[in-house]
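Presented below is the structure to which this report refers.
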Amino acid sequence: MSATHSEHALRFRPEAFKANAHQVLRDTEARESFRGAMHFLVERRAMHFWDLQSYEALRTSGEAIRQHALTHLPELLETLERRLQALGVHVHWAETPADANRIFLDIARRHEASLMVKGKSMVSEEIALNDEMARHDIECVETDIGEYILQLDHDRPSHIIMPALHKSREQVAGIFHEHIPDAPLTDDVGEMIAIGRRALRGKFAKARIGVSGVNFMVAETGSLVLVENEGNGRFCTSVPDVHIAVTGIEKVVEKLEHVPPLYALLTRSATGQAVTTYLNFLTGPRRPGERDGPREMHLVLLDNGRTQAYREPDYRSTLQCIRCGACMNHCPVYTRVGGRAYGTTYPGPLGAIISPHLMGLEATRDLPTASSLCGACGDVCPVRIPIPELLTRLREAARNEAQDTLSPPTAQLREQGRARRRIEALAWTGWRLLYATPWLYRIFARLAPRLRWMTPAWQGGWTRSRAPLRPARRSCREMLGNTVRKER
């Protein structure tokens, strides 16, 4: 299963975003279902944020909490580590996905585990945990229904909140019927959910290790906060003997009182809910006298390029993200091409600003340009990340080498300037020279109308859906001059 998943992932790589988008756009059925789901999520969110004054006040609070946490990130992480260790939690630091997978493998081998059950976790997708464990004969089963559907079909998520959004009801019915023994072919949603739950229920009892993501980490109490609707996360963190939580280093907040405002923003922005079905606070393994909970608990803190974003003031606000997906739901590009076209763990505007730090600009250079810069993503971001500004900075960084960039000398990204093309650089140099030299501009303005017949009919991507750009028959200066002379 895992190998096939890897093969599928290779068909959609960020380097080929433009080709991916063309391929996805041909699937009209998937586009219709995707757009309908986006409209539904947008409407649900709007229902909870109808009072703009209250909404802006909550956003201000959320932004301040996240900025405060990032300002004090090193100290908060050290405090969190000390508090967790005092509670009996093993804390691991992973600089790269390979380091994180090595930690998981070491724990699994120590406990002779051949099966892991995993709740929803985008960071586990980021490190390709399922595939890496499968290489060592360890089965890692997704227990979120959406993720489970995709795992059965050897597919990958298209949305960070609703991963199987691109699958129709009929497709899900066929997947269950094909891969789950004795599963009837039905398109009843309730029955399909019941089929999935029955198939997964036995896995929880057999698994030695449960894996989860983390929504927020509280340095003050050493609590890991997990937000969910299905209850599988609670099963993964309480039934197996060993619980391993994995998350990015940026998810920490200072105090317990900082969680409610972020929780209110997250649930309303993500699924249009006032509260989710489950809100879990995990504060250490099972204590003497307790009847459930893991006997051993681990937290894996992943860097994977996050310190690069943290180090540069121009990009630090990227790490404010609480992973609600609102920017995706409102993005005119994402809502048409879907998440798989991006070829990254985090698609849409979120992926466009964070993936260059995780994967480098060589692979992700086209993602910051996958935006109309309409500003919708920034307007709906619950913690006010200036996404459009970050996109323009990344576009500049992708096309300008370190010594040419207008950003400060310290604001340099991995593989900066890899999207730079010599012909494009020459064209912009010529444009700058033309418009900065008055006498040269006057000559150009006089000649351009007379040489308009030389304008090529094909002008790259512009003429795929637009008429070719062609100089006017008379320049504006010439028309104004004629008008003035007539009046005299």
Contacts under 6 angstrom Cβ, first residue in region 13-35 being under 14 Å from Leu165 (Cα atoms), partner surrounded by fewer than 16 Cβ atoms within 10 Å (Cβ to Cβ), 6 or more apart:
Ser33/Ser168
Does Val227 meet the test of being buried (at least 22 other Cβ atoms within 10 Å of the Cβ), in contact (Cβ under 8 Å) with a residue 60 or more places away in the chain, in contact with a strand residue (DSSP E or B) (Cβ under 9 Å, 6 or more places away or on another chain) and aliphatic (A, V, I, L, M)?
no
Out of region 366-380, which residues are in a loop (DSSP other than H, G, I, E, B) and in contact (Cβ under 8 Å) with a residue 40 or more places away in the chain?
Asp366, Ala370, Ser371, Ser372, Cys374
What number of residues within region 289-318 are under 30 Å from Ala37 (Cα atoms) and surrounded by fewer than 23 Cβ atoms within 10 Å (Cβ to Cβ)?
1
Would region 311-330 turn up any residue that is closer than 24 Å to His92 by Cβ and at pLDDT below 95?
yes
So, Ser407, is that one modelled with pLDDT under 80, closer than 30 Å to Leu350 by Cβ and part of a loop (DSSP other than H, G, I, E, B) or not?
yes
Out of region 220-273, which residues are among the aromatic types (Phe, Trp, Tyr) and in contact with a helix residue (DSSP H, G or I) (Cβ under 8 Å, 6 or more places away or on another chain)?
Phe235
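The values are calculated or read from the model by the stated rules, or taken from the named source; none is laboratory data. The shown structure was predicted, so the numbers you read here are calculated from the model rather than taken from an experiment. Ideal geometry is used to build each Cβ from the backbone, glycine not excepted, and the neighbour counts take in all protein chains shown.
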